[in-house]
1. How do Lys107, Lys159 stack up against each other in accessible area, from largest to smallest, with a 1.4 angstrom probe?
2. Let me check I've understood the local charge: for Phe221, count other residues with C-beta under 12 angstrom from its C-beta, Lys and Arg +1, Asp and Glu -1. What total comes out?
3. Starting from the Cα of Asp128, step 7 Å along the direction of its Cβ; do the same at Glu168; then give the gap between the two resulting points in nm.
4. Around Gly167, under 15 Å between beta carbons, what's the net of Lys plus Arg minus Asp minus Glu among the other residues?
5. Which Cα, out of Val100, Phe34, Phe56, lies furthest along the positive dipole direction of segment 20-137 (beta carbon charges, K/R +1, D/E -1)?
6. Using the crude model of +1 on Lys and Arg Cβ and -1 on Asp and Glu Cβ, and no other charge, please compute the dipole size for the chain relative to its Cα centre, in debye to 20.
7. Express in whole angstrom the spacing between the alpha-carbon centres of segment 108-170 and segment 187-214.
8. With every atom except the alpha carbons ignored, what do you get for Rg and Dmax of segment 48-95, in angstroms?
Amino acid sequence: MVTIVHGGPSGASVPRFVGRGMQRDLLNEGYYLFLPNPRGSFGQGEAFTLANVKDFGYGDLRDDLAGIDAVEALTGGAIDDERLGIAGGSYGGFMTMWAVTQTNRFKAAVAGAGISDWISYYGENGIDEWMIPFFGASVYDNPAVYRKSSPIEFIKNVKTPTFAYVGEFDVECPAPQSLEFWHALETLGVPTQLVIYPGEGHHVRAPAHIADITRRTVAWFDKYLK
């Protein structure tokens, strides 16, 4: 099963027809897909949406893991707990990077446009105004709250093979964030791969690039989960 974490952080996965793209191809390859809405998501009240303020990665990962446990119980053993993957883009990319630093439960990961270091991210991204309500202060006033949620601070815990990709001109989750994460895993000997798509921004739009992401993602999970 592959857990797919939505972006945001204040977003939501909603019921919909999966007609094309990565999720369709994963389903066609026989994977279960789990699309959780952990704390911080829309749709369950204001207090729930605000529940990850100053706590990025911690409570929402606990929710995701509890959801995986619930799905495994509901499916009566159909899901192999030894063959779990995780993927996501934007905040979901951050959560993917974060998850593999906090648990070895996932055997493969795909992080799209992730955030590996909130400290450096603050100075690199083009939309830093959104961060103040979530972190309570700028990185210059309270770097500790940013550091405690940065995957790079826990990078030596990673054992999960991780494929990362990002657009060359992404100003929301700049390419250096993915490069930093890839470089660390490469240095530490963890299987990894990085693709930076030329000419692309935060949302990859070229059909050839979208197809390449889908192909590489399915191949990555096939290699490490099958």
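1. Listed by decreasing accessible area, they come as Lys159, Lys107.
2. So the environment of Phe221 carries a net charge of +3.
3. If labels sit at Asp128 and Glu168, their model points lie 2.6 nm apart.
4. On the way: positive: Arg205, Arg216; negative: Glu124, Glu168, Asp170, Glu172, Glu200, Asp212.
With Lys, Arg at +1 and Asp, Glu at -1, the neighbours total -4.
5. Phe34
6. With Lys and Arg at +1 and Asp and Glu at -1, about 520 debye.
7. About 18 Å separates the Cα centre of segment 108-170 from the one of segment 187-214.
8. Calculated on Cα positions, Rg and Dmax stand at 12.8, 36 Å.
The values are calculated or read from the model by the stated rules, or taken from the named source; none is laboratory data. Remember, predicted model here, so these are calculated numbers, not experimental data. Note: ideal-geometry Cβ built from the backbone for every residue, glycine included; neighbour counts use all protein chains shown. To get the accessible areas, we keep the full protein, side chains included, count just its heavy atoms, and leave off ligands, DNA and RNA. Shrake-Rupley method; radii C 1.70, N 1.55, O 1.52, S 1.80 Å.
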